[in-house]
Amino acid sequence: MDLFPKFIIEDDYLILSKVSFHQELVTDPAKVKGGGWFRYLGQTDMFIFYGDSHDYGKAELEDIINCIKSNKVFTNIYQTVDISLKHNFGYDNGSEIIDITNK
């Protein structure tokens with residue numbers, strides 16, 4: 001099965017990974033605020049979030065920023081490796097990429 005770069009926001013945690021379905025990132029569906037896709041730009045060390053989840057809807061930009069500011073960006077559902085201080089983050093609104101690293 002193909003794996004795709006997806007993320008969800010569950011409670012106040014942003015969880016991103018390569019999975020087939022957004023539901024693979026979820027531990028409690030009742031706490032999911034939305035999700036989407038991401039891409040990584042190596043030259044700027046930036047994860048760019050965009051789009052939405054078919055199952056959970058679109059994550060709000062404000063929720064994404066809050067997760068980054070709170071140092072709650074993880075690469076697995078076990079929330080063991082926070083990457084919020086190690087990388088840059090952006091949001092693609094369809095016409096531009098907004099740097100949200102230090103918002």
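Contact map, segment 14-28: first residue among the charged types (D, E, K, R), second residue at pLDDT 95 or above, Cβ cut-off under 6 Å, separation 6 or more or different chains; pairs are K18/L3; K18/P5. Of all residues in segment 77-92, none satisfies being in contact with a His (Cβ under 9 Å, 6 or more places away or on another chain) and closer than 23 Å to V19 by Cα. Identify, from the list Y40, Y78, Y50, the residue that is of a type in the set (F, W, Y) and in contact with a Gly (Cβ under 9 Å, 6 or more places away or on another chain). Every option except Y50 fails the conditions. Restricting attention to segment 48-76, the residues that are in contact with a Pro (Cβ under 9 Å, 6 or more places away or on another chain) and either crowded, with 20+ Cβ neighbours inside 10 Å or at pLDDT 95 or above (or both) total 1.
Where in segment 1-80 are there strands (runs of 3 or more DSSP E), lying wholly inside it, with at least 2 residues that are more than 14 Å from Y91 (Cα to Cα)? Break it down into steps so the answer makes sense when it comes.
Values: elements: 4-10, 13-19, 32-41, 46-50.
The strands (runs of 3 or more DSSP E) meeting that bar are 4-10, 13-19, 32-41.
If we scan segment 55-65, do we find a residue that is without any contact (Cβ under 8 Å) to a residue 12 or more places away in the chain and under 26 Å from D2 (Cα atoms)?
Step one: of segment 55-65, the residues without any contact (Cβ under 8 Å) to a residue 12 or more places away in the chain are 62.
Next, from what is left, pick out any that are under 26 Å from D2 (Cα atoms): none.
No, segment 55-65 contains no residue that is without any contact (Cβ under 8 Å) to a residue 12 or more places away in the chain and under 26 Å from D2 (Cα atoms).
The values are calculated or read from the model by the stated rules, or taken from the named source; none is laboratory data. These numbers were taken from a predicted model, which means no experiment stands behind them. All Cβ positions, glycine included, derive from the backbone under ideal geometry; neighbour counts span all protein chains shown.
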